[in-house]
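Worksheet: the structure to be examined is printed underneath.
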């Protein structure tokens, strides 16, 4: 009783009590002293002697030493979010700040996980095959127990401090387990690492009146969580990543849940060369992730047309479609850095707020029979826009003014290029065509994000793609000419620019619908990867052609544009991936910058001979869709 009384009044420790209990149970137990990344520690800090000290236990279980951290497993310190200045020293744990909550992670964790937070004075108590130094411990990523509870893993950043490139760019990628990828929600907080005592805490999260979160593109693709960051100025930053499980709820609209820290990094930007690019943040939309994953995860609202967070278009109107689980009410809000707009930093919107002048460009239609919502967007000018989509369930939310945020997209819009800018110039023309496409260098094309995780196979057989296709996939396209039709350099001057766009009759006949890129003209900025997603409603044979026409036009010179018209071995740069149900993805990896055409050929497997009649009797599949792709 004396020991328990000491625990109550703070004169005894949990690890002492645990050792006493182990002795009663005849379990061999010792205490281990060392350092820990506890309250007040920040990523990348150097631990001085006598600082951030801690004590934990080691016990023998089934003949092996295992760790137990009773203090952290039974309670934790609750930090106030209303601090008006930076703490000089770590806060003292008063009884009011301590929350008692069981955390199973700190009972018998694996040594490889435990070393991320605790460093013993004696090397042998690391229980690692390859022990590390204190300096290496400081460089390890800063994590908390939920990181292990959710079975997260690091994809690319294995150190506590991330160095940006000379554009101020870096990215953080985490992997979720398949069992949780449809239930885990993430968020983040970016702030400056250093400030003077006179500055208020809210200033740490802003740069020239703009919240720093607008310099982060946070997306979720399948099991990959990405944070693409472009800091606006040189210096050090902290980014804290939070996560929470989204539990099933019959009324998800207006549902609230607590997000807790899973990991934290220091971002160091030492040299920012392209400063002007980073002064343009993302549009002022609601905080949080971009893309449709949130709508699927929280509200079971599934996209039918746009599956990635960013898309580019030359055509208006833009139509974004979703399938809903039931009849819902919707609203869309448009934002752009070119226009003044109201503050969107909230997940609940009130229609009684000041009207946004861009909202008039967003309309919607609702198919009450199929529960399909279509947002129809007319943009006033070229530029970058953000679209927030809100919804409410009239069955639960009778108040018409309150709606829940579903998801958001980034739209990069430029007017359709003229015919001169689409087709390559004839060899007899010595000057490049006039550039009619507006200069959108201020847009955030530098942001990039990953597509769905591959299973590592180069060829994936879909139940909706005939297996005979894969037997000949390594051969040239059905429309390819033989080697005698090309010269030694691989160029084929007789290859003309194919007709860009869709063969609507064949698309309808084969039950094919372009989902990810309904616009046949695509521009890639800073990435050579492109996923073209189609819906397939019949079993078909596929083939494809990838032609490199010429390098990107340089309008700063009047040099003659050489038209290579080089047919590439498409199977080296294109793979087909099933994407669940009737969906299929053509995944492209372009070898170099320039202008390409990508043609998809198809025919139903049961009527392939009939399909060949569409091609004037040639032994080939008919073309159903051709994209013009500019990789700059």
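The values are calculated or read from the model by the stated rules, or taken from the named source; none is laboratory data. Note that the coordinates shown come from a computational prediction; the quantities given were computed from them, not determined experimentally. Neighbour counts run over all protein chains shown; Cβ positions are idealised from the backbone, glycine included.
Pairs linking a residue in region 8-28 that is farther than 13 Å from residue 59 by Cα to a residue that is at pLDDT 85 or above, with Cβ atoms under 6 Å and 6 or more positions apart or on different chains, are 14/70.
Restricting the first residue to region 115-133 and requiring it to be farther than 20 Å from residue 46 by Cβ, which pairs with a second residue that is assigned to a loop (DSSP other than H, G, I, E, B) meet a Cβ separation below 7 Å and a spacing of at least six or different chains? Qualifying pairs under 7 Å: 128/115. Residues in region 161-175 that are crowded, with 21+ Cβ neighbours inside 10 Å and in contact with a helix residue (DSSP H, G or I) (Cβ under 8 Å, 6 or more places away or on another chain): 1 in all. Closer than 17 Å to residue 313 by Cα and modelled with pLDDT under 85: is that true of residue 525 in this structure? Against the criterion (closer than 17 Å to residue 313 by Cα and modelled with pLDDT under 85), residue 525 qualifies. Consider region 346-378 and keep the residues that are modelled with pLDDT of 90 or more and surrounded by 21 or more Cβ atoms within 10 Å (Cβ to Cβ). The one that is farthest from residue 256 (Cα to Cα) is 377. Answer yes if at least one residue in region 227-235 is surrounded by fewer than 17 Cβ atoms within 10 Å (Cβ to Cβ), touching a strand residue (DSSP E or B) at 6+ places or on another chain (Cβ under 8 Å), in a strand (DSSP E or B) and assigned by TED's automatic domain parsing to the domain that holds residue 267, and no otherwise. Yes, because at least one residue in region 227-235 is surrounded by fewer than 17 Cβ atoms within 10 Å (Cβ to Cβ), touching a strand residue (DSSP E or B) at 6+ places or on another chain (Cβ under 8 Å), in a strand (DSSP E or B) and assigned by TED's automatic domain parsing to the domain that holds residue 267.
Can you tell me which residue is surrounded by the fewest Cβ atoms within 10 Å (Cβ to Cβ) among those in region 245-263 that are closer than 17 Å to residue 295 by Cβ and touching a strand residue (DSSP E or B) at 6+ places or on another chain (Cβ under 6 Å)? It comes out as 257. Applying the criterion of being surrounded by fewer than 17 Cβ atoms within 10 Å (Cβ to Cβ) and within 30 Å of the chain's Cα centre (by Cα) to the residues of region 105-141, the residue that is farthest from residue 32 (Cα to Cα) is 139.
One residue stands out among those in region 397-424 that are part of a loop (DSSP other than H, G, I, E, B) and within 30 Å of residue 566 (Cβ to Cβ): the one that is modelled with the highest pLDDT, which is 414.
The residue that is surrounded by the most Cβ atoms within 10 Å (Cβ to Cβ), among those in region 577-595 that are at pLDDT below 85 and in a strand (DSSP E or B), is 584. Here residue 109 passes the criteria (1) assigned to a loop (DSSP other than H, G, I, E, B); (2) out of contact with any strand residue (DSSP E or B) (no Cβ under 8 Å at 6 or more places or on another chain) except the one numbered (2). Annotation for region 269-281: no member residue is more than 30 Å from residue 147 (Cβ to Cβ), part of a loop (DSSP other than H, G, I, E, B) and at pLDDT 90 or above.
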